[in-house]
C-alpha cells in the first residue's frame, strides 16, 4: 500500500478516538502540535474522559483551561513549564520514576497506551521517516497502541540512531500545519561566563560530558572549545554542543561506548541548529533507557555531568530548577546522572549556580528543608560552583561544608550565613570570620605542574575550609621538621591556633597550598607563604612540604610561585631565618634566587632574597611558577 493513501485531515483522526482512551503524545519539541491542537479544540463527541500520556510538555497546545474542562487528564513523568501549575491544581498526574526504567513500565503494560500520536520527518522514497528530535518512549508506545498516527513535519531534521520508522507502522498520517518548537539561544552575561570558566577548569581533556539547557551551558560551550578529545553522552543536544562539536574539541574517541558518536535523547535549539542536525552522522539520538542507563553512562571514563541548580544550603542539599530548564535536571533524571558518575572512573557531578538570583536574593542558604523542590542526597554532591569559587564537598564534614559554601557565597551574604551557621551550631563557637578580608580572597590565582614520576600538583590560595587538612599536614611532620619550621618544638595544633593560620589577611600576606589528587578529592601536601613588612617592600617567606614528597622539587616550585606573586604586589625582597642544619631549604632558596645573601649568627642564617633577578633559570627553567588564571 502506498503510504500517501494513509494521509487524512486531522479531524478524521479524531473520529477514531473513543471515550476513555489513553493517548501517548510525542514529547517536548517533538509534540505533534497539529494533532494535539485538534484534540484540544475538537467538538467530537468521543473526546471525553481521555488520558493523555506525555513525558515532557513544552508547547502551549495543552493548557490549564482545557485540562480544567475535565475532558482530558494529563499523565506525565517530569514536571516543568505549564505542568507545574497543573500539578498544584490537581489536574495532572505526575508519576515519579527514573527515566531508565520507563521502558519497563510501557513494555509490561503497567502504563497502557491505546493510541500514539508522534511527529516524524518527511518520508523518503522507501517509505522510511525519522522520529527526529525526541526519541524517548515513542517506539514502545507505538508497539502497544492499536491506533498509531504520524504527523509529518518536513521541517523536522532527519536524525540517526534509534530514530527510523517505516510508514507501514502507521494507521493514519497527517501533514503538520505548525512549525517545529524552536528555542532561541540563551542570553549569557559576566556571572555565567565566570561560572563557566571555573567549571571548564574542572573538565579535563578526554572527558565525557553531559549538558543541559540554559545560559550556563551557552557560556560553557564557548569555554570548552580549547579542550581536546571530549566525548558527549548527554540527555540533550543543543546549539552550545553543536558549536563545541564544530570547533573540533569533540571527537568521542575516548568513550567506552558509542565511540565516535555524540549521544543524546532530545534535541533543543534554533532553526540553524535543526538544519545542522539534519542527516548529521556525528550525532545519534537514542531511546531514553539507553541514554539514562547509569551502567552505560558509567562505562565512560571521566564522565562529567554539569547540572544547573536554583539553590544550595550549607549542608550541601540542592534545590532544582522549575520550568523549561528542568527537563533533564529533575529528580528522576538527576538520580541517573549521579549514579552514572559514581560508577565512572574519574566521574563527577558539577552543580553550577549564581550566588544570587535575579532579585538579588541569596542562592546559598542556611537551610532549604522547607523548600518543596529540595533534593536530599547531599552525600552525593561533589562540587558546587558559583562566580566566586568552587566548593569541593567530597569527604567534608557538615562544618567543613558550611565553611566551603560560605566562601563561594556572594560577599555581602557571607557574614549573615556565617552567624546563622554559628547559631545553629554548624560551626565552632569561636570560629573566625573576617568579612572584609574574605572579599579580598585572590581567587584568580591558580596553577598546576607535573613533577617527576608524573606527580601532578595543583596550587591555589589557602582557604579557611582548609583548616582540617592543614592540621593533618602538621601532624605528619617529624619533630625535626617542625623545629626547622617554627624554631621550637610544637606538639599540638588545636583548632584555635590553626584557624588563625588559615584565615589569611590578604592585604599583606600570600599563602599558597599544593594539592594532589583529582579535583574534588585533593589532599594538601604543601603550603608556602610570605608576610609583608610595614613598608610592603620586604616580606618574610616560609614553607612546608609533606616529607613523603620532599624530593620532588615542590618547595623550589612554590618559592618561584611566591616570587612571581610577590613581584606583582611590589615586593622587592624576601627574608627568612634558616637554621644552620637545614641544608635542604637553603638549597631551595639558592636555586630560586641566585643573588641570595645570607649571614650566619648563632647557627641561624639570616637570608635576604632580592626579587629583581629571582625566578630566572634554576631547575624549573625560566618563568616557572606562573600560570595565573581563573581557578576552580
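Sort through 553, 522 and tell me the only one that's touching a strand residue (DSSP E or B) at 6+ places or on another chain (Cβ under 6 Å), at pLDDT below 90 and assigned by TED's automatic domain parsing to the domain that holds residue 456.
On the way: 553 fails: at pLDDT below 90.
Selected residue: 522, the only one of 553, 522 that is touching a strand residue (DSSP E or B) at 6+ places or on another chain (Cβ under 6 Å), at pLDDT below 90 and assigned by TED's automatic domain parsing to the domain that holds residue 456.
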Exercise. In region 147-168, how many residues are in contact with a strand residue (DSSP E or B) (Cβ under 6 Å, 6 or more places away or on another chain) and surrounded by fewer than 20 Cβ atoms within 10 Å (Cβ to Cβ)?
Worked result: 4
For this session: Check off (1) within 22 Å of residue 291 (Cα to Cα); (2) modelled with pLDDT of 75 or more for residue 7 and give me the number that stays unchecked.
Result: (1)
Problem set entry | Matching residues, region 195-232, being part of a strand (DSSP E or B) and at positive phi | none
Exercise. Which condition does residue 212 not pass, out of (1) buried (at least 20 other Cβ atoms within 10 Å of the Cβ); (2) farther than 30 Å from residue 15 by Cα; (3) modelled with pLDDT of 95 or more, if it passes all the others?
Worked result: (3)
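From 59, 37, which residue is assigned by TED's automatic domain parsing to the domain that holds residue 156, under 21 Å from residue 121 (Cα atoms) and at pLDDT below 70? Explain how you work it out, then say what you get.
Numbers: 37 fails: at pLDDT below 70.
Of 59, 37, the one residue that is assigned by TED's automatic domain parsing to the domain that holds residue 156, under 21 Å from residue 121 (Cα atoms) and at pLDDT below 70 is 59.
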For this session: Identify all residues within region 402-424 that are in contact with a helix residue (DSSP H, G or I) (Cβ under 7 Å, 6 or more places away or on another chain) and within 12 Å of residue 365 (Cβ to Cβ); write none if there are none.
Result: 402, 406, 409, 417, 421
Problem set entry | Candidate set: region 299-331, residues that are modelled with pLDDT under 95 and in a helix (DSSP H, G or I); chosen: the one farthest from the chain's Cα centre (by Cα) | 324
Seminar exercise, completed: Note: among 67, 47, 102, 74, just one is within 28 Å of the chain's Cα centre (by Cα), at pLDDT 60 or above and either farther than 24 Å from residue 291 by Cα or assigned to a helix (DSSP H, G or I) (or both), namely 102
Exercise. On the given criteria, is residue 607 surrounded by 15 or more Cβ atoms within 10 Å (Cβ to Cβ), outside any loop (DSSP other than H, G, I, E, B), modelled with pLDDT under 90 and over 42 Å from the mean Cα position of the chain (by Cα)?
Worked result: no
Exercise. Can you name every residue in region 530-577 that is touching a residue at least 60 places away in the same chain (Cβ under 8 Å) and in a strand (DSSP E or B)?
Worked result: 541, 544, 577
Problem set entry | Selection count, region 13-31, where residues are over 13 Å from residue 52 (Cα atoms) and in contact with a strand residue (DSSP E or B) (Cβ under 7 Å, 6 or more places away or on another chain) | 5
For this session: Would you check if residue 445 is buried (at least 18 other Cβ atoms within 10 Å of the Cβ) and either over 23 Å from the mean Cα position of the chain (by Cα) or modelled with pLDDT under 95 (or both)?
Result: yes
Problem set entry | In region 97-115, residue farthest from residue 21 (Cα to Cα) [restricted to those that are crowded, with 17+ Cβ neighbours inside 10 Å and without any contact (Cβ under 8 Å) to a residue 60 or more places away in the chain] | 106
Problem set entry | Breaking point among (1) surrounded by 20 or more Cβ atoms within 10 Å (Cβ to Cβ); (2) under 22 Å from the mean Cα position of the chain (by Cα); (3) modelled with pLDDT of 95 or more, for residue 267 | (3)
For this session: Pick out, from region 376-471, the helices (runs of 4 or more DSSP H) lying fully within it that include 2 or more residues that are touching a residue at least 60 places away in the same chain (Cβ under 8 Å).
Result: 398-407, 414-423
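The values are calculated or read from the model by the stated rules, or taken from the named source; none is laboratory data. All figures in this text were calculated on a predicted structure; none of them were measured in a lab. Heads up, the Cβs are rebuilt from the backbone with ideal geometry, glycines too, and the neighbour counts pull from every protein chain shown.
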